[in-house]
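> First the structure, which I've put down as structure tokens, then a few questions once you've had a look.
The values are calculated or read from the model by the stated rules, or taken from the named source; none is laboratory data. Given the structure is predicted, the values throughout are model-derived calculations rather than measurements. Note that each Cβ is placed from the backbone with ideal geometry, even for glycine, and that neighbours are counted across all protein chains shown. Calculation scope for accessible area: heavy atoms of the full protein, side chains included, ligands and nucleic acids excluded. Shrake-Rupley method; radii C 1.70, N 1.55, O 1.52, S 1.80 Å.
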Amino acid sequence: MSEQPRRPRKPGKPYRRPQKDPVRILAFEALRAVDERDAYANLVLPPLLRKAREKEGPEKFDARDAALATELVYGTLRRQGTYDAIIADCVDRPLREVDPPVLDVLSLGVHQLLGTRIPSHAAVSASVELARVVLGDGRAKFVNAVLRKVARDDLDGWLERVAPSYDEDPEDHLAVVHSHPRWVVSALWDSLGGGRAGIEELLAADNERPEVTLVARPGRATPEELLGEEAAVPGRWSPYAVRLSEGGEPGAVEAVREGRAGVQDEGSQLVALALANAPLDGPDRRWLDGCAGPGGKAALLGALAAERGAFLLASEKQPHRAGLVARALDGNPGPYQVIAADGTRPAWRPGSFDRVLVDVPCTGLGALRRRPEARWRRRPEDLDGFAPLQRGLLRGALEAVRVGGVVAYATCSPHLAETRAVVADVLKQHPGTELLDARPLLPGVPDLGEGPDVQLWPHLHGTDAMYLALVRRTS
């Protein structure tokens with residue numbers, strides 16, 4: 001068979017194989033997992049980074065690579081609403097008609113252009129190369145065209161163009177400028193009680209990278225031990241808290257690896273401490289954590305209970321989460337037990353406990369710094385789904401505590417429908433109860449409002465937006 005003649009090459013640039021950038025490819029993979037599997041970045045990213053560190057050759061990550069990948073993922077997720085508005089202004093179709101993988105590459109590129117110090121030409125070039133690798137040459141041209149439009153202005157200029165004016169529509173203005181859904185802006189504003197300065201500060205704080213905070217579990221580790229670590233500074237409010245400055249790695253801390261210390265937001269620590277120090281009438285021997293998963297508060301409560309010779313029962317409905325609680329409590333110096341049980345259908349007799357904590361499931365609007373993607377997943381109707389469970393758990397806690405004992409109702413949401421509305425509704429049905437003033441039990445913490453309950457805030461306290469109400473059973 002005779003050879004077929006080769007087709008002459010068309011004149012122009014020779015084909016160039018796309019250059020693989022391991023950092024940006026990893027960031028893209030993390031965003032796709034968040035989008036496709038409803039995964040959380042704080043769960044997806046660590047194993048990806050660990051695998052990248054274990055590789056050999058040019059694809060092996062060093063500390064700078066890991067820091068850049070982390071910034072690209074979290075920065076893109078935090079600013080997703082703002083970036084969507086900017087991208088929508090640069091494309092000739094509704095954003096919902098842009099393929100999600102293309103939108104992820106565009107968002108990564110926009111973040112590099114408008115949210116980092118990466119030079120514009122490098123941000124565009126790197127994003128187009130990423131698009132060639134993960135999307136193909138055709139869609140890479142589309143990415144190139146859009147990002148070149150974005151690069152013509154800075155973030156402030158774009159916000160002036162795509163955000164409505166504050167005077168015309170304050171909630172929509174704040175939603176676009178600070179990258180929160182409008183309904184979340186409205187809910188947070190209601191919880192703060194009005195005023196532009198406060199809501200702007202809160203929304204901005206939600207978009208800041210939170211510090212890593214450790215807890216030294218009493219009887220097992222001391223803050224002084226943790227402060228011996230590199231980049232460690234004392235906590236602001238909790239006597240057991242130690243903060244790691246940027247770059248601090250909890251897994252490198254021996255006490256964390258051994259379970260004697262853990263990663264725990266200072267607001268979460270304050271909730272456990274307030275319950276442990278609340279005044280009681282009568283004995284103080286049996287404590288209950290009625291919603292113990294994944295175990296951070298249970299581990300601190302267990303350590304505090306051990307110092308007083310008290311017993312802790314840690315209950316969690318989901319068996320796999322109960323396993324996490326057992327792991328967190330492993331090695332606790334005092335008596336404890338972990339069970340898988342439903343706090344709304346108690347596995348214990350009424351009036352069995354002196355202190356009870358219920359940190360109820362919620363929308364998580366108080367932890368948007370740590371889980372930025374949650375703001376885009378939650379819907380107002382989710383509140384209706386949580387409401388019966390939250391009320392049921394608080395009712396169960398009030399039945400579990402003895403007369404003279406104290407219940408702590410806590411939630412990582414400042415939404416009034418998940419905080420004061422729940423407490424008010426349940427206490428109407430339980431006349432033999434009284435609200436305690438929780439503020440004196442958080443000594444040194446400022447800006448705690450009029451009480452008797454407490455709402456912590458990222459912009460005021462540097463913590464997650466934890467809510468706490470303390471209830472004593474009087475009859």
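> For the chain, compute Rg over Rh where Rg is the Cα radius of gyration and Rh is the Kirkwood radius from the inverse mean 1/r over Cα pairs.
Here Rg/Rh amounts to 1.04.
> Give the average over all directions of the projected area of the C-alpha convex hull of the range 95-222, one decimal, in nm².
12.4
> Which log10 I(q)/I(0) values does the range 207-306 give at q = 0.12, 0.20 Å⁻¹ under the Debye formula, counting every alpha carbon as one identical point scatterer?
Values returned for q = 0.12, 0.20 Å⁻¹ are -0.39, -0.98.
> Starting from the Kirkwood Rh over alpha-carbon pairs, what translational D in µm² s⁻¹ does the range 148-275 have by Stokes-Einstein at 37 °C and 0.692 mPa s?
For these conditions, the coefficient is 188 µm²/s.
> Could you work out the mean projected area of the convex hull around the alpha carbons of the range 268-376, in square nanometres to one decimal?
About 7.5 nm², averaged over all directions.
> Which whole-number percent is the relative contact order of the range 390-475 (Cα, under 8 Å, 6+ apart)?
Relative CO of the range 390-475 lands at 41 percent.
> Report the label-to-label distance for residue 209 and residue 352 in nanometres (one decimal), using points 7 Å from each Cα along the Cα→Cβ vector.
With each label placed 7 Å out from Cα toward Cβ, I get 4.5 nm.
> Additional query: Ignoring ligands, DNA and RNA, what percent of the accessible area of the chain is carbon or sulfur (1.4 Å)?
49
> Okay, next question. Using a 1.4 angstrom probe on the protein heavy atoms only, line up 40, 83 by accessible area, largest first.
40, 83
> Antiparallel as a % of all DSSP beta bridges within the chain, to the nearest 5?
Roughly 55 percent of the DSSP beta bridges within the chain come out antiparallel.
> From the helices alone, meaning DSSP H stretches of at least four residues, give me the mean residue ellipticity at 222 nm for the chain, per-run term -39500 (n - 2.57), in deg cm²/dmol to the nearest 500.
The per-residue figure over the chain is -14000 deg cm²/dmol.
> So, by mean Cβ neighbours within 10 angstrom, what's the order for 267-273, 347-353, 445-451 with the highest one leading?
The most tightly packed comes first, giving 267-273, 347-353, 445-451.
> Counting only heavy atoms of the protein chains, get the accessible area per residue of the range 98-170 (1.4 Å probe) and round it to a whole Å² value.
48
> May I pose another question? Starting from the Cα-Cα distance between residue 95 and residue 125, subtract it from 0.36 nm times their residue separation and give me the gain in nm to one decimal.
Contour length minus the Cα-Cα distance gives 8.5 nm.
> Once the range 307-357 is represented by equal point scatterers at the alpha-carbon sites, with solvent omitted, what log10 I(q)/I(0) does the Debye formula produce at q = 0.22, 0.27, 0.28 Å⁻¹?
-0.89, -1.16, -1.20
> Largest first, what is the accessible-area ranking of 161, 182, 152, 377 with a 1.4 Å probe?
152, 161, 182, 377
> OK, next. Could you work out the relative contact order of the chain? I mean the mean sequence separation of Cα pairs under 8 Å and 6+ apart, divided by the number of residues, in percent.
Dividing the mean separation by the residue count of the chain yields 11 percent.
> Rank these residues by their accessible area, most exposed first, probe 1.4 Å: 199, 25.
Ranked from most to least accessible, the order is 25, 199.
> Please compute, over every Cα-Cα pair in the range 362-424, the percentage with a separation greater than 21 angstrom.
Counting pairs separated by more than 21 Å, the tail of P(r) holds 30 percent.
> At q = 0.15, 0.23 Å⁻¹, what log₁₀ I(q)/I(0) does a Debye calculation on the Cα points of the range 404-475 give, no solvent, two decimals?
Scattering profile of the range 404-475, log10 relative to I(0): -0.49, -1.05.
> Related question: Round to the nearest 10 and report in Å² the accessible area of residue 237, as given by a 1.4 Å probe over the protein chains' heavy atoms.
Accessible surface of residue 237 is approximately 60 Å².
> Oh, and also: Between residue 320 and residue 141, what length in nm is gained on full extension when 0.36 nm per residue of separation is reduced by their alpha carbon distance?
Computed gain between residue 320 and residue 141 is 59.8 nm.
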